[in-house]
Amino acid sequence: MSGRKAPTLVVVALGAFVTTLDNNIVAAGVPSIARELSLDLSALQWVSIGYMLPFASLLLVAGTLVDRWGQRLTLSAGLLAFGLGAAVGGLAGSAWVLVGARVVQGLAAAFLVPGLLSLLRTNLDARGRAVGATLWTASLAVALALGPTLGGLLSEYLGWGWIFFVNLPFVAVMLALLPVTAGARRDSGGGRPAIGSMTLVTAGLVLLTVALVEFGDDTRTGDVVPSVLAAGGLGFLAWFAVRERRARERLVAPDLTGQRVFVGALAVQLLWGLGVSGVFFFTPLLHQESLGLSPVRAGLPLVLVAVAIMAATPLVPWAVTRFGPHRTVGAGLVVVALGLLAVALVNHIPEVLPRAPGLVLIGAGSALTTPLTSHALEVVAERHAGTASGLLTASRELSSALGVALVGAVLTAVRAARLDAGVAAGPALAGGYTAGLLVAAGLELAGAVLALTVFWARKTLPAVTSTTTGSPFPDEYRVSRD
């Protein structure tokens, strides 16, 4: 096992980095993609949603399939698919080829995350797993910090295709290390994956997301299509709920759905992601199209958010001990809301510097939501730790996809109304962005109220360790159970 430790840690770190980087590096490049491929805002959103939605949907059963098919087969196929999606995405000459490549990458990432985390369980001892978990978290943080700036640099100096090509060296290194890290053993006796339930919930989420994007499309004024799509999505989700009650093999164990604190944590995390993800996606677009910044300078301010998260995280254990997880999480969401409002208040100023305090507040507030994941996992029985961790991770990705769609719908609708009123394109986009910020702030405040309501009865929590992460980085490594 000792000979596999170093390669395992390298593969785990690279996997955490590349799957997270691929999500946020795109934001700085979307304006360049939009100009070259002539994409409108509705189509542009799918460059991000196409990755996050399949990632979130398949993650719920991917862990079971990793056990059934074996680490080596699953990770090899996942890495090859991820690399293929990156290569096709970088060469794409049309919107739907690019979105299709992103879907392939999202599907691959859904298998890569539990597959890579399972290496911590099978290849490392308790001390090694702690190191691996910390390394996973650090890689996520580095990817979050570097993504916007790296995306801007690649777009400006090499072309937006390199946003996707940059994944290929990482994939190649991980493939080379798989023979000495991933086992070939399969667990044919494991439980059957709930494919039927997963299909229903995925169909429902996809239709609802499409409906949100279409509601914001100014070319569909008075069109009933978005309403029909939304109704279809709700219908599939209702069918899923009925099926789950009757199915022998459920997608989500009844012990989890009946756990008030855990379900509340999922809802709070969903509200957090709905509020901030869409804002982050559209911020570089606003900076380039409204403020006239280059791709590099447009993405650079988002680094403030990542730096604030890392700077505030060491304060979280003290806050949890002093005030309890319910007040810490609630306060964090309020601070995020204040940051969003601060950016909205200065959005009419055509400069970046006045936005900095709001961005710092968003990052610091997000760090204070750290206990959300730890508290939710604390109340779950150990036998459900893997499923619970997968659900929390899926909730994060789902909230990101829906957040881009929701904020995009608000931004597009308000921008269209302002354009119709004779406002110039730049100020019209800024007006839509401001409306999106206000909606996002409202979602964060709703999350704060819910956190205080759901968590109030459990005011104590063991000290948060250095491997505990903020809301953007749930304790995904806990999917790997002893």
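The values are calculated or read from the model by the stated rules, or taken from the named source; none is laboratory data. All figures in this text were calculated on a predicted structure; none of them were measured in a lab. Counting neighbours? That spans all protein chains shown, and the Cβs are built from the backbone with ideal geometry, glycine included.
Scanning region 230-256 for residues that are under 18 Å from residue 390 (Cα atoms) and loosely packed, with under 14 Cβ neighbours inside 10 Å yields 249, 254. Step by step: first the residues of region 134-158, then only those that are out of contact with any helix residue (DSSP H, G or I) (no Cβ under 8 Å at 6 or more places or on another chain) and modelled with pLDDT of 85 or more, then the one that is surrounded by the fewest Cβ atoms within 10 Å (Cβ to Cβ). Which residue is that? The residue in question is 157.
Here's the yes/no breakdown for (1) modelled with pLDDT of 85 or more; (2) farther than 22 Å from residue 143 by Cα; (3) within 20 Å of the chain's Cα centre (by Cα); (4) surrounded by fewer than 20 Cβ atoms within 10 Å (Cβ to Cβ):
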{"site": "263", "(1), (2), (3), (4)": "no, yes, yes, yes"}
{"site": "299", "(1), (2), (3), (4)": "no, no, yes, no"}
{"site": "313", "(1), (2), (3), (4)": "no, no, yes, no"}
{"site": "326", "(1), (2), (3), (4)": "no, yes, no, no"}
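Reported count of residues in region 118-137, each being among the small types (Gly, Ala, Ser) and touching a Phe, Trp or Tyr at 6+ places or on another chain (Cβ under 9 Å), is 2. For residue 59, state whether it is at pLDDT below 85 and over 23 Å from residue 214 (Cα atoms). Spelling it out, residue 59 is indeed at pLDDT below 85 and over 23 Å from residue 214 (Cα atoms). For region 13-45, filtering for residues that are crowded, with 24+ Cβ neighbours inside 10 Å and either in the same structural domain as residue 295 (by TED's automatic domain parsing) or not in a helix (DSSP H, G or I) (or both) leaves 1. Within region 160-182, residues that are within 27 Å of residue 149 (Cβ to Cβ) reach partners that are crowded, with 17+ Cβ neighbours inside 10 Å and of a type in the set (Ser, Thr, Tyr) with beta carbons closer than 6 Å, at six or more positions or on different chains, in the pairs 160/32.
For region 92-135, the set of residues classified as aliphatic (A, V, I, L, M) and under 15 Å from residue 49 (Cα atoms) consists of 95, 97, 98, 99, 101, 103, 104, 107, 108, 109, 110, listed by residue number.
Go through the residues of region 62-69 one by one and say whether even a single one is at pLDDT 85 or above and among the aromatic types (Phe, Trp, Tyr).
The initial filter retains those residues of region 62-69 that are at pLDDT 85 or above, namely none.
No, every residue in region 62-69 fails to be at pLDDT 85 or above and among the aromatic types (Phe, Trp, Tyr).
Going residue by residue through region 423-440, is there one that turns out to be more than 29 Å from residue 347 (Cβ to Cβ), β-branched (Val, Ile, Thr), at pLDDT below 90 and part of a loop (DSSP other than H, G, I, E, B)? Quick ask: steps written out before the conclusion?
Pass one, region 423-440, residues more than 29 Å from residue 347 (Cβ to Cβ): none.
Scanning region 423-440 turns up no residue that is more than 29 Å from residue 347 (Cβ to Cβ), β-branched (Val, Ile, Thr), at pLDDT below 90 and part of a loop (DSSP other than H, G, I, E, B).
Apart from one condition, residue 48 fits all of (1) crowded, with 23+ Cβ neighbours inside 10 Å; (2) of a type in the set (Ser, Thr, Tyr); (3) under 24 Å from residue 12 (Cβ atoms); the exception is (3).
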